[in-house]
Amino acid sequence: GARWGLDAAHRARLDAPQDDAYTWAFALDRLLLGHASGSDALVAGGEGQVVAPLPELEGSALDALDTLVRLLRVLARHQRLLGEALPADGWRERLLGLLDALLPRPPSTSAGQRALDRLRGLIDTFATDARRAGVDAPVAAEVVRAHFAAALGEADTRAPLLTGGISIGRMVPMRLLPFRVICLLGMDDGEFPRRDPAGGLDRLAAELGSERRRIGDRSTRDDDRFLFLQLFAAAQDVFYVSYQGADPRDGSARQPSVLVADLLQAVEAQHAPDADAGSALVVHHPLQPFAAAAFGAGDEPRRFSYRQQWWPAASQPLRRRVPLAPWFGDDALPEVDQAVVDGGGGRLALDDLSRFLRAPADVFLRQRLGLRLSEVESVEGDVEPLLAPGRGYARQLLQRAVFDAHLRGDDDATAHALLRARGLLPSGALGRRTLEQVRGQVEAYAQAFGGWRAGAVPAAPRLEADIDGTTLHGRIADVYPQGLVRMRFDPPAGASAIRNGLDWLLASAAGQGMPLVEFHDGGDAGVGPHVREALYAGQARNVLRHLLALRDKGLRRPLPFGPYSGWELFSAGGDLRRGLDAAAKRWHGSGRSWGEGNGEALQLALRGRDPFGHEPTQLEFVDLAMTIYGAVVHGQLYTGTDAQALHAIAESLDLEDAE
């Protein structure tokens, strides 16, 4: 829950409300109390505040927490010390003390040591310059911050130039060391030479273009012209100049720097007019690295490339692009080694089966090929949550917390304090308004569930069932004497239907015989309770047997299935034409909507096998969707799809052309 500010007092000094919510002190209180108590039970704090411990740190995370605490202590102490005006020598002592506190050990690399030496040198220079200028008055912190921001933003001209290979550096005057090859990059028109600044208060710059200019008056533009001449003279074998000769958007011609144009004119003047020497020096490179011209094709031998990965594409003759062949066609991998995939022992966790049915392509890549795709984690910003989250897990978490508070009978003040302590609501009027908004969303669910529950206490038994030698096991939460309860503050969805249905099937297969009671947005049917009666143990085991067989099949060959697209098809209520159309739109998406088939795992595993592009894969997708959701929603086995009827529907929808 950390967003900004050290604590409430720090926020008050920055003209913000004196509130510790979402500060570093707020976050550290939760982490430290969670580690000390090992519980998430609320703890009463000072001034009526409540702290919600977070007992989720262990192992190496505790070392990171220790480092974080020490860092924040250093920053808090120096934030107070550096907030007042001081003479230059006083600033030197305190800034060097900050460096010693942040970096108590010497850097382990030469580059780190060089950076630290530069920081200390800049601090010494600041104090020395002030002393030479006779500035004894205290200097405000804002002035010191602006000075070092500008100083650190400049390049370090003392960095070593000769590193033993290719040296990359800025264009600075008096760099007359000879090199075999000197390359100048980015010599575009308007970029170099630089323009002289506007006059303003600088009278010297204002008189550069007038008759009052004297010999020796400095001009940035003239300095750059002389620098270009110096570098040209220092090149022994090759003087390479690069510029953007065409606009990357429309291909229109762009001119180089005026200095490059002057150089080409000088070349023309040194040769016979028929030689066309200036144009002969210019090499036009292609825009794409995979173009054949980038590898010397045509009549320009000076174009070449070391990019081996582009050579197969560049060496192919021009031809019409064709789709890649399917990664997995009719062939499949060998039988699954259960000892490797499931850990041996003939046991399978219900969560593993649920994870496979919700993401079969991802599980196939991970468990059979050992391939883990890069996942981009959503990083929370440094902005406080001022409004209720619009969607996703954060919204569900807040709705559930408000729902639980409503069931406990908490008033608005108590509920707001508890939710604020967990980092779910902002402080003040915004938090109370958000709480009121979310209460309106969950109130009907709380009333319906409270009347159904009738004061019963939930249990979370661990159940297991033997399915042909495989023990399917898992812990089932929210089990009441009246049945197994599942809550969703939205209409049903594919992923939640799989999770809830598997819990219901395992409970029935284990002989518990409990109904599934769902509370969700049922439209005209209301929020619930929507009761699904218990299955006979034999029927539940038979359904789970088919789902386990489907998992074995999906671990040998990726299944063309996605839970969201499959739910669109299943929710059509038997209208196969409408269901296929909705499923195809969900799979492919559009410029304004998310497409399930655009996920990395599905794109890789199903390369060349679009479920809606060819009739066999359409038939397989329909069979998979109806089999999975028929099992988890109705507890029934699907008998199969009429291939001829599907063919007629696919032709009428023209799905292949739509792709």
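If each residue of separation counts as 0.36 nm, what is the full-extension length gain between S110 and A246 once their alpha-carbon separation is subtracted? Let's see the in-between values first.
Values: separation 136, 0.36 × 136 = 48.96 nm, distance 4.20 nm.
The span from S110 to A246 would gain 44.8 nm if fully extended.
Under 1.5 on a/c is rounded, so check that first for the range 401-453, then, if it is not, pick prolate when a/b is larger than b/c and oblate when it is not; a ≥ b ≥ c are the square roots of the alpha carbon gyration tensor eigenvalues. Walk me through the numbers on the way to the answer.
Numbers: a/c = 2.62, a/b = 1.91, b/c = 1.37.
Taking the square roots of the gyration eigenvalues as a ≥ b ≥ c, the range 401-453 is prolate.
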**Item:** For the range 1-56, accessible area per residue (1.4 Å probe, heavy atoms of protein chains only), Å²
**Value:** 56
**Asked** Going from most exposed to least, what order do R254, R368, R249 have by accessible area with a 1.4 Å probe?
**Response** R249, R254, R368
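Got the relative contact order for the range 390-495 handy, in percent, Cα pairs under 8 Å and 6 or more residues apart?
Details: 85 pairs, mean separation 22.5, N = 106.
It comes to 21 percent, rounded to a whole number.
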**Request:** For H271 and A12, calculate 0.36 nm times their separation in residues minus their Cα-Cα distance, and state this gained length in nm to one decimal.
**Result:** 85.8 nm
**Asked** Along the Cα-to-C-beta direction of L333, a point sits 7 Å from the Cα; which residues of the range 601-616 have their amide N less than 14 Å from that point?
**Response** 605-606
**Prompt:** Between rounded, prolate and oblate, where does the range 385-477 land on the alpha carbon gyration tensor, with a ≥ b ≥ c its root eigenvalues, rounded for a/c under 1.5, else prolate if a/b exceeds b/c?
**Reply:** prolate
**Request:** Identify, among I123, A12, L102, the residue whose Cα sits farthest towards the positive end of the charge dipole of the range 1-137, taking +1 on the Cβ of Lys and Arg and -1 on the Cβ of Asp and Glu, with the dipole about the Cα centre.
**Result:** I123
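At a 1.4 Å probe radius, which order do S60, S257, S39 fall into by accessible area, largest first?
Numbers: S60 95, S257 0, S39 45 Å².
Ranking S60, S257, S39 by accessible area, largest first, yields S60, S39, S257.
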**Prompt:** Points 7 angstrom from Cα along the Cβ direction at D66 and H530: gap in nanometres?
**Reply:** 5.2
**Message:** Tell me whether the range 21-86 comes out rounded, prolate or oblate; compute the Cα gyration tensor, take square roots of the eigenvalues as a ≥ b ≥ c, and use a/c under 1.5 as the rounded threshold.
**Reply:** oblate
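Sorting S571, S565 by accessible area (1.4 Å probe), largest first, what list results? It would help to have the intermediate numbers written out before the result.
Values: S571 65, S565 0 Å².
Output order, biggest surface exposure first: S571, S565.
Using 0.36 nm times the number of residues separating L373 and R180, minus their current alpha carbon distance, what extension gain do you get? Show your work: numbers first, answer last.
Numbers: separation 193, 0.36 × 193 = 69.48 nm, distance 4.49 nm.
Roughly 65.0 nm would be gained on extension.
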**Asked** Along the charge dipole of the range 516-599, Cβ charges K/R +1 and D/E -1, which of F519, G597, A572 sits furthest on the positive end?
**Response** G597
**Message:** If you count only protein heavy atoms and use a 1.4 Å probe, how large is the accessible surface of L353, to the nearest 10 Å²?
**Reply:** 0
**Message:** So, taking all protein chains as they sit and a 1.4 Å probe, how much accessible area belongs to S315, in Å² rounded to tens?
**Reply:** 60
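The values are calculated or read from the model by the stated rules, or taken from the named source; none is laboratory data. Given the structure is predicted, the values throughout are model-derived calculations rather than measurements. Virtual Cβ from ideal backbone geometry, glycine too; neighbours counted across all protein chains shown. Only protein heavy atoms, including side chains, enter the accessible area calculation; ligands, DNA and RNA are left aside. Shrake-Rupley method; radii C 1.70, N 1.55, O 1.52, S 1.80 Å.
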